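Asker: Pasting a structure below so you can have a look.
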Amino acid sequence: MELDLKQLVAMVDIIAEEKNLPQETVIDVIQQAIAAAWRKDNGDKDMDVRCELNLNSGEAEVFVTREVIEDDVAYNPATEIPQAEAKGKEIGEKVEESHPVTSFGRVASQTAKQVVIQRLREAERDAVLAMYEDKIGTVVNGTIVRVEPKLVRIDLGKATGIMPKYEQIEGEYYAVSSRIKVFIKEIERNERGAQLILSRGCPEFVEYLFRQEVPEIETGSVEIKAVAREAGRRTKIAVAATMPGIDPVGTFVGGRGVRVQAVMNEIGDREKIDIVNWSDNASEYIREALSPAEIQKVEIDGKKASVFVAKDQQSVAIGRVGQNVRLASKLTGFDITVEVVKASEKKKKKNVEDSLLSALEEGDEPESQEAANDDAAENSDAASSTNE
């Protein structure tokens, strides 16, 4: 089967326009297809083959690269060449042999066609995904097109992304054709090509939603310091004010809770949101992060923190299956352990309180003693009068 390269070259501009791809990309795809077809007809799958296409003459040439090895060493003709045949090349150097492209067999021609289709599809997808590079870290609307056991495919209009299981909200139901908000997390590239990764379960999704509901973040009067999340269960968010007189927690909650409720409406009412005050004092920050538990004492050693609570507050501090302390650890960056205040410490505290009470009572003693002395003097005078 004769390969009409001139006709192929003439179609470069047409393909580039139809696929909205640069001409260089289309030429590279065709060159890869010619190299694959030539390897199919004339060589070995392990061969390192490249192709150069001359757009002016419509001719093509392939180049096979092999490595120079010692003469008496067993070699693979597809990738290696003995030094005696390498025309003065040193061992370890590369030798490139050129071959003109004339015609291909039926199988090779089919291979070329498949390569062109596949590579053009990949190039087209990469070009579309490149349009979303500057949208990474934002939330967009999409339509669910397919629900699979391990992922959900979502159409964003010009591209389709996937939301893996670990990026979903636990317990959330996804229905085909329904509209949904998703966070563009990243573009993942591997040997199978590029893929747009979407998320609803990451902490950044909640942070982005709050940024839409709290205009004070844009003005700079309040800010989000940290977010820890277990999607579908609980989120803890630490906030701070940059100006005096502003209540950061109240700002994020909003009047009658409208702001935090708007975020919960998007992520689902099953997921609770704790908004706490951030502090540069580690002990105070840890106390806030463990709310609603009442903390009696915090001991910090490096990045480890021991938190002491009363017996009835232990389960509150730890939370269901350890969730509260686990999220507090993520939020603060400390490895937090919860311990119950020992009875001896309680007794010591009671003794201190008793001592303070005794000191207060002793403070009244001089006045009482003076009154007693006066009474004694009066009794003595009375006794003297009686004796007389």
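Asker: Taking interchain pairs and intrachain pairs at least six residues apart, which have beta carbon atoms under 8 angstrom, with the first residue in the range 10-32 and free of Cβ contacts under 8 Å to residues at least 24 places away in the same chain and over 14 Å from Glu52 (Cβ atoms) and the second among the hydroxyl-bearing types (Ser, Thr, Tyr) and part of a helix (DSSP H, G or I)?
Answerer: Once the first residue is free of Cβ contacts under 8 Å to residues at least 24 places away in the same chain and over 14 Å from Glu52 (Cβ atoms) and sits in the range 10-32, its partners that are among the hydroxyl-bearing types (Ser, Thr, Tyr) and part of a helix (DSSP H, G or I) give Ala16/Thr25.
Asker: Here's another thing I want to ask about it. Please specify each residue of the range 202-222 satisfying the condition of being in contact (Cβ under 8 Å) with a residue 24 or more places away in the chain and of a type in the set (Asp, Glu).
Answerer: Glu204, Glu207, Glu213, Glu216
Asker: Could you tell me which of the residues Arg153, Arg125 is under 35 Å from the mean Cα position of the chain (by Cα), over 25 Å from Phe210 (Cβ atoms) and free of Cβ contacts under 8 Å to residues at least 40 places away in the same chain?
Answerer: On the way: Arg125 fails: free of Cβ contacts under 8 Å to residues at least 40 places away in the same chain.
Sole residue among the options that is under 35 Å from the mean Cα position of the chain (by Cα), over 25 Å from Phe210 (Cβ atoms) and free of Cβ contacts under 8 Å to residues at least 40 places away in the same chain: Arg153.
Asker: Here is a further query. State whether one or more residues within the range 91-112 are surrounded by 18 or more Cβ atoms within 10 Å (Cβ to Cβ) and free of Cβ contacts under 8 Å to residues at least 40 places away in the same chain.
Answerer: Scanning the range 91-112 turns up no residue that is surrounded by 18 or more Cβ atoms within 10 Å (Cβ to Cβ) and free of Cβ contacts under 8 Å to residues at least 40 places away in the same chain.
Asker: For the range 267-298, name all the residues that are among the charged types (D, E, K, R) and in a loop (DSSP other than H, G, I, E, B). Show your work before the answer.
Answerer: Keep residues of the range 267-298 that are among the charged types (D, E, K, R), which gives 269-272, 274, 280, 284, 287-288, 294, 297.
Those that are among the charged types (D, E, K, R) and in a loop (DSSP other than H, G, I, E, B): Asp269, Arg270, Glu271, Asp280, Glu294.
Coordinate-derived values only; no laboratory data. Quick caveat: nothing in here was measured; it's all calculated off a predicted structure. Every residue, glycine as well, gets a Cβ built from its backbone with ideal geometry; the counts of neighbours run over all protein chains shown.
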